[in-house]
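Heads up, the thing below is written out as structure tokens.
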Amino acid sequence: MDTLQSMKAFVRVAQRSGFAAAGRDLRMSPAAVTKHIAALETRVGARLFDRTTRRVGLTEVGRMYLERCLECLQAFEDADAFVGTLGKSPAGLLRVTAPVDLQNQLPTVVGRFMNEYPKVTVDLELSNRPIDLVEEGFDIGIRGASSLDGRFVARQLAQTRVVICAAPSYLRRYGYPRKPEDLERHRGIVFVEPRPRTEWVLERDGNQTRIKLNSTVLTNNGSALCAMMVEGVGLGAAPSFLVRADIDAGRIEPVLLDWKVLPDVRLYAVYPHRRFLAPKVSAFVETLRATYGDGTKDPWWPETAAVRPTKRQRTKRAATG
């Protein structure tokens, strides 16, 4: 039996958690898929799946074998892709997925990319729902997270500082926090994805302080969080790319800038293949990196911003002489 085809069947069964679903994807009968899996299990001398009437799951050996199969299949795809992309310029449909909170960031990048590569058509989907790039046919995803697990092939684009902010009207009413403990008496606007951040961890000089928030509003949308901060609802913590414009316009003010809110949020480009990316994907990643930098810095919060006093702080210092 064709070992390469058996490996493809094995990977698809693992991804789809079922023989029938894998067969539909591969245009095989469930019986044919079963034969391929049986041939592999005979070849490696171990059971790869635990099968019940309700579910199909990988054994421990199966999980380790899956990693090797993915690497092997990727090598075959890379060989074909390498020859197929030689001398080709970026062209075709590029499907991109990104969180809704990047709605003010990505259109500029996409526009710059399309002006440089007019043969590429971009399908940009902004959504906060979990998306399987392979299953849903996306070429690349943009993710904001403190870290990513090994399921992803990722390229870090930028680090973003998390900043605690509030509207000037709110700070006049409830007071300006001078130390982390002061935050506990304030009204908190809480971001809830992937889980509610009802506690903030702040760090300075290697010392950490954990603060329990008085949660006033919970939201899964960063733009909504910023809008409520602008309205004076409470204090919120958000990545620099979300709050920078409102800070510059004076609609909100950062507080406790000498403390770092943990963890930082990192921006990643995520794609399903490791090497020999299609020219359109490689070109888009390079456009992202040209926009955001080398991946180690925060393009929205330069080092000088972290120590620059706000207008309110400058006024207070002048008043106290």
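Worth pointing out:
- Where a residue in segment 61-73 is without any contact (Cβ under 8 Å) to a residue 60 or more places away in the chain and assigned by TED's automatic domain parsing to the domain that holds residue 9 and its partner, wherever it lies, is assigned to a helix (DSSP H, G or I) and loosely packed, with under 15 Cβ neighbours inside 10 Å, with Cβ under 8 Å and at least six apart: 61/44; 65/44
- Tabulated pairs, segment 7-19, first farther than 13 Å from residue 29 by Cα and charged (D, E, K, R), second assigned to a helix (DSSP H, G or I) and at pLDDT 90 or above, C-beta under 7 angstrom, 6+ apart or interchain: none
- When residue 46 is tested against (1) more than 23 Å from residue 272 (Cα to Cα); (2) touching a residue at least 40 places away in the same chain (Cβ under 8 Å); (3) touching a helix residue (DSSP H, G or I) at 6+ places or on another chain (Cβ under 6 Å), just one condition goes unmet, and that condition is (2).
- Among residues of segment 163-200 being in a strand (DSSP E or B) and modelled with pLDDT of 90 or more, the one that is surrounded by the fewest Cβ atoms within 10 Å (Cβ to Cβ) is 187.
- Segment 225-239, residues that are small (Gly, Ala, Ser) and either modelled with pLDDT under 90 or part of a strand (DSSP E or B) (or both): 236, 237, 238
- Residues within segment 38-53 that are in a loop (DSSP other than H, G, I, E, B) and surrounded by 12 or more Cβ atoms within 10 Å (Cβ to Cβ), tallied: 3
- Being outside any strand (DSSP E or B) and modelled with pLDDT of 90 or more holds for only one residue in 130, 118, 107, and it is 118.
- Qualifying residue in segment 296-318 (condition: assigned to a helix (DSSP H, G or I) and at pLDDT 85 or above): no
- Checking each residue in segment 177-211 for being acidic (Asp, Glu) and without any contact (Cβ under 8 Å) to a residue 12 or more places away in the chain picks out 182, 205.
- Single condition residue 210 does not satisfy, out of (1) at pLDDT below 90; (2) surrounded by fewer than 18 Cβ atoms within 10 Å (Cβ to Cβ); (3) over 24 Å from residue 99 (Cα atoms); (4) in contact with a strand residue (DSSP E or B) (Cβ under 8 Å, 6 or more places away or on another chain): (1)
The values are calculated or read from the model by the stated rules, or taken from the named source; none is laboratory data. The structure presented is a predicted model; accordingly, all values stated were derived computationally and were not measured. Neighbour counts run over all protein chains shown; Cβ positions are idealised from the backbone, glycine included.
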